[in-house]
Amino acid sequence: MTLVRIVKDWDWPNLLRQTPGEKGIWDDITFTLTPAAECDYLVMLNNRMEIQTSGQCPKKNIWMLIQEPYQKGFTDWVIEKHEPFAKVFTHHPPANGEKKYIISPPAIPWHVNKTYDELISCPLPKKTKSLSWIVGAAKDLPGHLQRLIFLETVKKSSLSIDLFGRAVCPIEDKWDGLAPYFFSLAIENNNGPDMWTEKLADCFLSWSVPFYFGCTNLEKYFPKDSYIPIDIHNPSEAMRIIKENSTPENWEKRIPAIQQARDLVLNKYQLFPFLAEQIHTHPTHDTVKLPFTINPYKRSLRARGHRLAYKISKLLR
């Protein structure tokens, strides 16, 4: 059986819960989070590791998946130090059209505290409340600040909404802030193509229709009726759209689209089916396992300049 070693720099959530039985197997491919000395494929989630990664793997099967938006001076690893990787799956490919870069969504794990098996088998939850928003408190990026500005607009409005999250009222399990609700706001910190995150996926998994801002080509991935786009830079229009569309009748007619979007998250776009499809459809026929070493990420001189400029701009905000 093919062995895929996944390298990451975070502990939660447990990725293997996104596989049947939490066994780390998908389509006859075994995935491991342990530092296996030998593997058939190695996939690094974000090239920002602080420790060295080494082992034996076919050279053409060393891949990277980028899961964060690019911000100069903050996530510089999104665009540099990619030499060790034969393929880079990214929403932010370079303009030179290098073939190893493959446009893809980030396959970020869901944050509702449920396993794949639980999500596959659970019935549609009873919807008793209208609208929610689980919003974080991060302030690192311009998109974070724009989201918090929109939060203040929501607070001052007449919108009937329950607010959760670090910025308002911490919640232990996102499921509890989504599943009882017909609708929820899903506001990304990035506004561009192919970059959508768990903020959207968690809504779909909870059968909550998202009022969505972020990925600009979302129709490429999900049915149009599964979400309602808004523009947080036009708050008055966003409020109008939310108020006019957050009715139980509107949610009910969208159930088939939400079900389809939910199935797409669970069985196509989440990490394991995504990687399994890439392995099955793009075989390399390279089976010779050679020693490799991927050094910890260190910014280039140019990126260090960007980092300094970013820190200065943050101080001046």
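Just so it is clear, none of the values below were taken in a lab; they were calculated from the coordinates. The model shown is predicted, which means the values in this text are computed figures rather than measured ones. FYI the Cβ positions are ideal-geometry reconstructions off the backbone, even for glycines, and counts take in every protein chain you see.
Can you name the residue in segment 65-77 that is in contact with a Pro (Cβ under 8 Å, 6 or more places away or on another chain) and not charged (D, E, K, R) and, of all such residues, is surrounded by the fewest Cβ atoms within 10 Å (Cβ to Cβ)? This residue is Gln71.
Answer yes or no as to whether Ser160 is surrounded by fewer than 24 Cβ atoms within 10 Å (Cβ to Cβ), polar (S, T, N, Q) and free of Cβ contacts under 8 Å to residues at least 40 places away in the same chain. So Ser160 fits the description; yes. Quick one: is Ile103 hydrophobic (A, V, I, L, M, F, W, C), touching a Leu at 6+ places or on another chain (Cβ under 9 Å) and surrounded by fewer than 18 Cβ atoms within 10 Å (Cβ to Cβ)? So Ile103 fails the test. If the condition is being in contact with a Leu (Cβ under 6 Å, 6 or more places away or on another chain), in a strand (DSSP E or B) and under 22 Å from Pro123 (Cβ atoms), then segment 182-209 contributes Phe183, Ser184. Scanning segment 261-305 for residues that are assigned to a strand (DSSP E or B) and over 24 Å from Gly55 (Cα atoms) yields no hits at all. Inspection of segment 61-70 finds a residue satisfying the criterion of being in contact (Cβ under 8 Å) with a residue 60 or more places away in the chain, outside any strand (DSSP E or B) and more than 26 Å from Leu3 (Cβ to Cβ). Annotation for segment 11-22: no member residue is part of a loop (DSSP other than H, G, I, E, B), surrounded by fewer than 18 Cβ atoms within 10 Å (Cβ to Cβ) and in contact with a helix residue (DSSP H, G or I) (Cβ under 7 Å, 6 or more places away or on another chain).
Against the condition under 21 Å from the mean Cα position of the chain (by Cα), of a type in the set (Phe, Trp, Tyr) and either surrounded by fewer than 17 Cβ atoms within 10 Å (Cβ to Cβ) or not in a loop (DSSP other than H, G, I, E, B) (or both), how does Phe213 come out, does it pass?
Numbers: under 21 Å from the mean Cα position of the chain (by Cα): yes; of a type in the set (Phe, Trp, Tyr): yes; either surrounded by fewer than 17 Cβ atoms within 10 Å (Cβ to Cβ) or not in a loop (DSSP other than H, G, I, E, B) (or both): yes.
Considered against the rule, which asks whether it is under 21 Å from the mean Cα position of the chain (by Cα), of a type in the set (Phe, Trp, Tyr) and either surrounded by fewer than 17 Cβ atoms within 10 Å (Cβ to Cβ) or not in a loop (DSSP other than H, G, I, E, B) (or both), Phe213 comes out as yes.
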